[in-house]
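*Asks:* Sending over a structure as structure tokens; questions will come in a sec.
The values are calculated or read from the model by the stated rules, or taken from the named source; none is laboratory data. Here the structure is a predicted model, which means the values were calculated and not measured. Cβ placement follows ideal geometry from the backbone for every residue including glycine, while neighbour counts extend to all protein chains displayed.
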């Protein structure tokens, strides 16, 4: 009996030792997948570190019903080709756009997929680099819509009603906006991690999460084409908007004249400004590198974008001006610090700051005390009257 017990214990210890060795072997690839997932410009920008996404805009990966029916081919296809359009996940609606992940190789993508498949309560199948490589060769080139991806890789019967796609129920050119509208979508002149936001008074702007900066603002002509035409893709992954921006933020990788070209290419290959521009508009002494996006939260319906720059957390909220002729950007920096803000001089808008004059080249000096909260206002020059004092010295 004692001999049998010792034999049994030895077997248990052997199994446990094998299990630990398997765990060690698995944990290393999963750790590498986590590192890639959370890398600069990667999945964490939109889906967040906890995999919960962002309400109404970016669907969750954590405990997603899209990962519960053991079809890793669908995940691979979305990662390689992207997903564009109104999508329903866990029975909630999202106006979502995910860019194809073209900058990573097959091994890297398989590591990310496996991390997602095994994190936050998910128990989806693991995939191999060979599966990713094969899919990369045989999948159609176009960005997927929810309808197309589910036609190719349908849900199990018990998940069909909860998930899938739906028809948008808003006008093609959104106007007479009564409350803020936030879309996570592809915008011309921005990285693939862009937001299009409509404000009361028909003020609209594009904010780029990959670069943590306002791209442009416009008013005339209505919001982006956000209805069936836009969301059904039709080979046009980049959103169109009807107005001409009255403010375009400077970028080292994008010239003002490029905007027309970007609009023209949205029926062909998508062309984006990448997240590699070196001229981040905020400069803080002793801080180098680029900002890191930390997500957004809705405050009274308005998105508050959060990003880290060095040890400083910056919060930025953009609202319509009191006269609804422009936008007001509110910043808070924690811990407070002196900084220089680079704005783009323009004849199309009157730019002013709550913290003093702006130099002719667009440079704005903010003291440490002022950085706790300061405002930058951009008012469209037409039809607004010119202010008594010039905004640039």
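*Asks:* Considering only residues that are in a loop (DSSP other than H, G, I, E, B), closer than 19 Å to residue 183 by Cβ and at pLDDT 85 or above, which ones fall in the range 55-83? Give the steps one after another, and end with the answer.
*Replies:* So in the range 55-83, the residues in a loop (DSSP other than H, G, I, E, B) come out as 55-57, 59-64, 68-71, 82.
Cutting the leftovers down to closer than 19 Å to residue 183 by Cβ gives us 55-57, 59-60, 82.
Scanning the range 55-83 gives 59, 60, 82.
*Asks:* Given (1) crowded, with 19+ Cβ neighbours inside 10 Å; (2) farther than 30 Å from residue 176 by Cβ; (3) at pLDDT 95 or above, identify the lone condition not met by residue 320.
*Replies:* (2)
*Asks:* Same structure again: Name the one entry in 330, 317 that is in contact (Cβ under 8 Å) with a residue 40 or more places away in the chain, assigned by TED's automatic domain parsing to the domain that holds residue 213 and under 27 Å from the mean Cα position of the chain (by Cα).
*Replies:* Exactly one residue qualifies, and that residue is 330.
*Asks:* For the range 73-83, indicate whether the set of residues that are without any contact (Cβ under 8 Å) to a residue 12 or more places away in the chain and touching a helix residue (DSSP H, G or I) at 6+ places or on another chain (Cβ under 9 Å) is non-empty.
*Replies:* No, the range 73-83 contains no residue that is without any contact (Cβ under 8 Å) to a residue 12 or more places away in the chain and touching a helix residue (DSSP H, G or I) at 6+ places or on another chain (Cβ under 9 Å).
*Asks:* Additional query: Looking at residue 370, is it at pLDDT 95 or above, assigned by TED's automatic domain parsing to the domain that holds residue 321 and more than 17 Å from residue 323 (Cα to Cα)?
*Replies:* yes
*Asks:* Residue 59 is checked against (1) crowded, with 22+ Cβ neighbours inside 10 Å; (2) out of contact with any strand residue (DSSP E or B) (no Cβ under 8 Å at 6 or more places or on another chain); (3) without any contact (Cβ under 8 Å) to a residue 40 or more places away in the chain and fails just one. What number does that condition carry?
*Replies:* Unmet for residue 59, out of (1) crowded, with 22+ Cβ neighbours inside 10 Å; (2) out of contact with any strand residue (DSSP E or B) (no Cβ under 8 Å at 6 or more places or on another chain); (3) without any contact (Cβ under 8 Å) to a residue 40 or more places away in the chain: (2).
*Asks:* What's the number of the only condition in (1) in contact with a helix residue (DSSP H, G or I) (Cβ under 7 Å, 6 or more places away or on another chain); (2) modelled with pLDDT under 90; (3) farther than 25 Å from residue 239 by Cα that residue 1 fails to meet?
*Replies:* (1)
*Asks:* Which residues, taken from the range 278-311, are more than 26 Å from residue 55 (Cβ to Cβ) and touching a strand residue (DSSP E or B) at 6+ places or on another chain (Cβ under 9 Å)?
*Replies:* Scanning the range 278-311 gives 279, 280, 281, 282, 283, 284, 285, 287, 289, 290.
*Asks:* Restricting to the range 348-367, what's the tally of residues that are crowded, with 21+ Cβ neighbours inside 10 Å and either on the phi > 0 side of the Ramachandran plot or not assigned by TED's automatic domain parsing to the domain that holds residue 217 (or both)?
*Replies:* Count: 0.
*Asks:* Which condition does residue 52 not pass, out of (1) out of contact with any helix residue (DSSP H, G or I) (no Cβ under 7 Å at 6 or more places or on another chain); (2) modelled with pLDDT of 75 or more; (3) part of a helix (DSSP H, G or I), if it passes all the others?
*Replies:* Of the numbered conditions (1) out of contact with any helix residue (DSSP H, G or I) (no Cβ under 7 Å at 6 or more places or on another chain); (2) modelled with pLDDT of 75 or more; (3) part of a helix (DSSP H, G or I), the odd one out for residue 52 is (3).
*Asks:* Residues in the range 95-104: is at least one farther than 20 Å from residue 194 by Cβ and surrounded by 19 or more Cβ atoms within 10 Å (Cβ to Cβ)?
*Replies:* Within the range 95-104, none of the residues are farther than 20 Å from residue 194 by Cβ and surrounded by 19 or more Cβ atoms within 10 Å (Cβ to Cβ).
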